[in-house]
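Have a look at the structure below before the remarks.
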Amino acid sequence: MSTTTVDRKSTRNSVGPGPAFHRVLNSEFIKFRTLMSTVILLACTALVMVGFAALGAWGTGSFAEQVASDPEAAAAVAAQGGDLAVSIPTSGIVFAQLILGSLGVLLMSSEFTTGMARSTFAAVPKRVIPFLAKLIVVMVSAFVLTALSTYIAGLVALPILGNYDLKLDLGSSQSVKLLLVNSIYVAAVAAIGMALGTIVRNSAGGIMSLVGLFFVAPIAFQLIPGDFFKEASKYLPGNTISPLTAVEHVPETLEAWQAGLVLGAWVVVPVALAMILLKKRDV
Amino acid sequence: MIEAKGLTKVYGEKTAVGGVSFTVQAGRVTGFLGPNGAGKSTTMRMIMGLDAPTSGSVTVNGQPFAQHRAPLREIGALLDAKAVHTSRTAYNHLLAMAATHSIPKSRVREVIEMTGLGDVAKKKVKGFSLGMGQRLGIAAALLGDPQTIILDEPVNGLDPEGVVWVRNLVKYLASEGRTVFLSSHLMSEMALTADHLIVIGRGRIIADAPIAEIITGKGQARTRVRTDQPERLMQLLAGTGVSVEAHERELLEVSGIDPRGIARTALENQVMVYELTPLQASLEEAYMELTKDEVEYHSHITTGASVPAQAGGK
């Protein structure tokens, strides 16, 4: 065409920055924080975590008080009391994983249900880049939120436990371990949710598969007779958290390192599948 | 410049786009015209790398879209007014898109002003009318100040003022030397906006020519004839390539033969003719003519007033 067009193009190419990873990460973070529904879900998670810890502290306390008259039971509680109290800050974790896992599903499925995906992938045609950027945003926010609300839950539980003369040390190694492991676990669930949302591309379907995997499958596997399902049940993602947080290895469960690997596989395989499908399918 | 070569998209057994080849040049508005379901949107999604072609290829400025270093600065597209998460505000939507290319906030505000979204920019897209959604889509397309602009049905849902605005905008963008490719199923809109026209029907290119050529070339010249012996004249004119429509008593519309031919036939057979008016085919008619065999969904309207009587073999 005309020389002016050519000049225009060449100067343009030399000035304009393209979609480098850190820019896409920033874009995904803007998308994350500018949705009211996301903010509400995060607030709900924190509220549930703190609320359950308060209830747990109250329940544990009154239980300890009731058994105090019975010397035998009191001794048992005294021996176990520390363990009971230490898991109180994370007593809402089942709900946190459900909410944040669903959030993972929604953040990706809504791209497709709203048509936003067309804008996203027209701006960044190498689709794996926005996928990974979103995955980081989802996992980091799930981790940070769980860790923060666990800590706040602990702070709220402290005075309640104090009323019943029960001790809880938030700085103890077991407390810190529980906080970190549970936060990593919830981040993993959120990643699985996002992978499901990418594969299914449908909010209801994605959340249902997540609930099926984490809530229905463990119960169903227990009800089905036969050793196979009893054995297989250990490898369900939702059943990896108890070996991971156990103080000592409980017989008939996975070792902590095994549970860690199983959970890792449950993240890596769906995420890899999601990325392959995202690259292959039309938007 | 956009170049498509043998571009094909097959969904199951249905061929949406069947091996189309065309070039969209810079510096002019190229219209992409076709009835609903003709393959316009599919073609545009393939240009943007959103749908992978079953076969064939398409490049923008010499490269496949996905290989451009800064895609938003190269090509801006409005593919669908609803390519937005509707719970986000217009400003935040544009801000998130701009962030991928480090486009400054000042540019976001600029395109908001340019598209007249100033008053609603901080509102959720959920409450937008179709026309406001289109404006937001156009704002997103202009965000990276791209050399190539693709707009799929941009005037859909716009009010008359908006239609004129889009018309002037695309003409201005083309005058700056940019490549402008815009689709529509409305012939009348294309007649006012486009310099060049690519007509598509059922996934095939039917015409690819400057707009003037399409009107004069493809549109068959028609002649209005008034005579007191319409039946007799119809029989006389009947022949290969000639079609005659009887609109009302003593009034015929003849195509496939020029006025001189009609006059000669009438003179030789002593039929009195008291009007012979050449009719310029409108673009709308030319379009209908081009696509009449290609539309996917036909509507059948029965009107008593004008029942076309076809004479001669077609």
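The values are calculated or read from the model by the stated rules, or taken from the named source; none is laboratory data. From a predicted model like this one, the values you see are computed outputs, not experimental measurements. For neighbour counting, all protein chains shown are included, and Cβ atoms are generated from backbone atoms with ideal geometry for every residue, glycine included. Quick note on the areas: whole protein, heavy atoms, side chains included, nothing else; ligands and nucleic acids left out. Shrake-Rupley method; radii C 1.70, N 1.55, O 1.52, S 1.80 Å.
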Share of antiparallel DSSP beta bridges in the protein assembly as shown, in percent to the nearest 5?
65
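How large is the dipole of the stretch B:96-157 about the Cα centre if only Lys and Arg carry +1 and Asp and Glu carry -1, each at its Cβ, rounded to the nearest 20 debye? Write down the numbers at each step before the final one.
Details: 8 positive and 6 negative charges, 79 e Å.
Value, rounded to 20: 380 debye.
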Over the Cα atoms of the stretch B:128-271, what Rg and Dmax result, in angstrom?
22.3, 70
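Within 10 Å of each Cβ of B:137-149, how many other protein chain Cβ atoms are there on average?
Numbers: counts 2, 0, 0, 3, 1, 0, 1, 4, 2, 2, 5, 1, 0.
That average works out to 2.
Could you give the alpha-carbon Rg of the stretch A:81-225 over 2.2 N^0.38 Å, rounded to two decimals?
Relative to the 2.2 N^0.38 Å estimate, the stretch A:81-225 comes out at 1.26.
Taking all protein chains together and a probe of 1.4 Å, list B:F65, A:F229, A:F95 from the most accessible to the least accessible. Provide the component values of the computation, followed by the final result.
On the way: B:F65 5, A:F229 60, A:F95 90 Å².
So, going from the largest accessible area down, we get A:F95, A:F229, B:F65.
Whole number please: convex hull volume per residue of the Cα set in the stretch A:98-181, in Å³? Walk me through the numbers on the way to the answer.
Values: hull volume 9.0 nm³, N = 84.
Roughly 107 Å³ of hull volume per residue.
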What percent do you get for the relative contact order of the stretch B:220-280 when only Cα pairs under 8 Å and 6+ apart count?
51
What lysines does B:K292 reach when the alpha-carbon gap must be under 28 Å and sequence neighbours fewer than 8 apart in one chain are set aside?
B:K5, B:K9, B:K14, B:K40, B:K218, B:K314
List, by residue number, every residue in the stretch B:35-76 with a reduction of 40 Å² or greater in accessible area between the chain on its own and the complete protein assembly, 1.4 Å probe.
B:L50, B:A66, B:R69, B:R73, B:E74
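Using a 1.4 angstrom probe on the protein heavy atoms only, could you order A:W58, B:W165, A:W266 from most to least accessible area? Each step should come with its number before you reach the end.
Details: A:W58 150, B:W165 50, A:W266 80 Å².
Result of the area sort, largest leading: A:W58, A:W266, B:W165.
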Accessible surface of A:L166 - all protein chains present, 1.4 Å probe, nearest 10 Å²
30
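Order A:L178, A:L132 by their accessible area, 1.4 angstrom probe, all chains in place, largest first.
On the way: A:L178 10, A:L132 60 Å².
In descending accessible area the options line up as A:L132, A:L178.
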For the interface of B with A, what's the total buried accessible surface in square angstrom, probe 1.4 angstrom, rounded to the nearest hundred?
3300
Taking the Kirkwood radius as the inverse of the mean 1/r across Cα pairs, report the Rg/Rh of the protein assembly as shown.
1.18
For the stretch A:193-283, Kirkwood radius (reciprocal of mean inverse C-alpha pair distance, Å)
14.5
In nm, give the distance between the simple-model label positions of A:Q174 and B:N156, each being 7 Å from the Cα along the Cα-to-Cβ direction.
6.2
What lysines could a cross-link reach from B:K105, if we take a straight Cα to Cα line under 19 Å and drop same-chain neighbours fewer than 8 places away?
A:K31, B:K122, B:K123, B:K124
Heavy-atom accessible surface of the protein assembly as shown: percent carbon and sulfur, 1.4 Å:
61
Shielding by partners for A:28-39, please: the mean number of other protein chain Cβ atoms within 10 Å of each residue's Cβ.
4
Hey, how many Å between the Cα centroid of the stretch A:246-283 and the Cα centroid of the stretch B:146-170?
48
What do you get for trypsin sites (Lys or Arg not before Pro) in the stretch B:92-147 restricted to DSSP loop and a cutoff of at most 12 other Cβ within 10 Å of the site's Cβ?
B:K122
Post the alpha-carbon centroid distance, the stretch A:181-199 to the stretch B:228-269, in whole angstrom.
77
The stretch B:97-127 versus the stretch B:9-75: alpha-carbon centroid distance in Å:
27
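Accessible area per residue for the stretch B:2-209 in Å², computed with a 1.4 Å probe and the full protein assembly in place, what is it?
Values: 7310 Å² over 208 residues.
Spelled out: the 1.4 Å probe surface of the stretch B:2-209, per residue, equals 35 Å².
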Here Rg/Rh (Cα, Kirkwood) for chain B equals 1.09
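Can you give the direction-averaged projected area of the convex hull of the alpha-carbon atoms in the stretch B:220-280, in nm²? Working shown, then result.
Working: hull surface 14.1 nm².
About 3.5 nm², averaged over all directions.
Based on alpha-carbon atoms only, what is the radius of gyration of the stretch B:35-145 relative to the globular estimate 2.2 N^0.38 Å?
Working: Rg = 14.8 Å, N = 111, 2.2 N^0.38 = 13.2 Å.
Dividing the Cα radius of gyration by 2.2 N^0.38 Å gives 1.13.
Report the percentage of all Cα-Cα pairs in chain A whose separation exceeds 24 Å, rounded to a whole percent. Walk me through the numbers on the way to the answer.
Numbers: 23197 of 39903 pairs.
Distances greater than 24 Å cover 58 percent of the Cα pairs.
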Summing -39500 (n - 2.57) over every DSSP H run of at least 4 in chain B, dividing by its residue total and rounding to the nearest 500, the 222 nm mean residue ellipticity is -8500 deg cm²/dmol
Calculated FRET value between A:A73 and A:A43, using beta carbons and R₀ = 45 Å, to 0.05
0.70
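Normalised by the number of residues in chain A, what is the relative contact order in percent for Cα pairs under 8 Å and 6+ residues apart? Numbers along the way, then the final one.
Working: 344 pairs, mean separation 64.5, N = 283.
With pairs under 8 Å counted, the relative contact order is 23 percent.
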Area accessible to solvent at B:Y287, 1.4 Å probe radius, in Å²:
10
Keeping all protein chains in position, work out how much accessible area A:K126 exposes to a 1.4 Å probe, and write it in Å² to the nearest 10.
110
